[in-house]
Amino acid sequence: MTILTRWEPWRDMTRAQEEMSRFLDDRFASRAGESLGWTPATDIYEDEEGLTLKFELAGVEPKDVDIRFENGVLTIKGERKLEKEETKENYHRVELSYGAFNRSFSLPPTVDAGKIEATSKSGVLVVHLPKKAEAKPKQIQVKVN
């Protein structure tokens, strides 16, 4: 039985562009002897209650993460620290990124800043930004005369 799948070239090209950018950034930073940091992968979704952002932060301690919401912009800063630098030459491959990261997201004015919550579990930081009551969808009952 043959299964047909839809080919989405833009998704594949975007993924290839992101990988190439990450590769080139890492190579140029290591040649210059400095670290440009890294960018954690992020999922963003919206439902009736609000916005949720999930950040992949494996190896980052929650105490090393700073979350701020100011003037409609959510900023996440932190650092993945290298616990012990090994100078052995028996490494075959090093792919994990270490150093500081900084991500900022412009958010709509419907976010209720006083109720923002953040939780961390199994290396995933979840930031929930609830909507203001007036921004939530309301069901209107139809009256029959």
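For K131, the residues 5 or more places off, or on other chains, whose built amide H falls under 5 Å of its own are G50, L51, D112.
A 21 angstrom limit on the alpha carbon distance is what I want to check against. Which of K54/K77; K77/K132; K77/K131; K54/K121 exceed it? The answer is K77/K132; K77/K131.
In this structure, E134 and E70 have a Cβ-Cβ separation that, at R0 = 25 Å, corresponds to a calculated FRET efficiency of about 0.70. Over region 93-145, accessible surface divided per residue gives 79 Å², non-protein components excluded, 1.4 Å probe. Applying the Karplus relation 6.51 cos²θ - 1.76 cosθ + 1.60 with θ = phi - 60° to region 132-145 yields 3J(HN,Hα) values of 5, 4, 6, 8, 6, x, 10, 8, 10, 7, 8, 8, 9, 8 Hz, where x marks Gly and Pro.
All other residues with a Cβ under 9 Å from the Cβ of T110 taken together, and with Lys, Arg as +1 and Asp, Glu as -1, what is their net charge? With Lys, Arg at +1 and Asp, Glu at -1, the neighbours total +1.
Full extension of the chain segment joining V124 with R15 gains 37.1 nm, where the gain is 0.36 nm per residue of separation less the Cα-Cα distance.
Residues in region 46-59 carry Karplus couplings, in order, of 10, 10, 5, 7, x, 9, 10, 10, 10, 10, 7, 10, 4, x Hz; the curve used is 6.51 cos²θ - 1.76 cosθ + 1.60 with θ = phi - 60°, and Gly or Pro positions show x.
The values are calculated or read from the model by the stated rules, or taken from the named source; none is laboratory data. Since the structure is predicted, the reported quantities are computational estimates derived from the model, not experimental observations. Glycine gets a Cβ as well: all are built from the backbone with ideal geometry, and neighbour counts include every protein chain shown. Just so you know, the surface numbers come from the protein's heavy atoms only, side chains and all, with ligands and any DNA or RNA stripped out. Shrake-Rupley method; radii C 1.70, N 1.55, O 1.52, S 1.80 Å.
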